[in-house]
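Since every read-out is calculated from the coordinates, none of them should be taken as a lab result. Please read these numbers as outputs of a predicted model, since none were measured by experiment.
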Amino acid sequence: QVQLVESGGGLVQAGGSLRLSCAASGLTFSTTAMGWFRQAAGKAREFVAAISWTGRGTRYADSVKGRFTISRDNAKNTVYLQMNSLKPEDTAVYYCAADQRTPFSRVESRYDYWGQGTQVTVSS
């Protein structure tokens, strides 16, 4: 079965950096678009970034553009989210997701599979 396993979350001070990883198994990773979403306490889950199956196409939420970078390594079946200049408002559970039907969508309902999430906490 499909498994997405996130890692790399933790506690960091404002202005710091973290790199999240998401290891995928049970699917043809090299032809699957991937995305990152996040959910802060008491709020709805929101789009963060997405990447096409080739890695040549990416898109970002306005709130993270210029600070976060999504990338992938198809040889390792892994997608990454490099997060720089972190802010307290970036505090959330971060989820990776796999989309086997559309290029690299912002829309949560387009994604077929989800990881369990990893907590990112940014202190001020």
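The coefficient of translational diffusion for the stretch 62-124, derived via Stokes-Einstein from the alpha carbon Kirkwood radius under 37 °C and 0.692 mPa s, stands at 247 µm²/s. Short to long, the 5 Å bins of the Cα pair-distance histogram for the stretch 8-74 hold 3, 14, 22, 25, 20, 10, 5, 0 percent of all pairs.
A viscosity of 1.306 mPa s and a temperature of 10 °C, combined with the Kirkwood radius over Cα pairs in Stokes-Einstein, give a translational diffusion coefficient for the chain of 113 µm²/s.
For the stretch 47-89, the ratio of Cα radius of gyration to the globular rule of thumb 2.2 N^0.38 Å stands at 1.19.
Here Lys43 is the anchor, and the lysines within straight C-alpha reach of less than 20 Å, apart from those fewer than 8 places off in the same chain, are Lys87.
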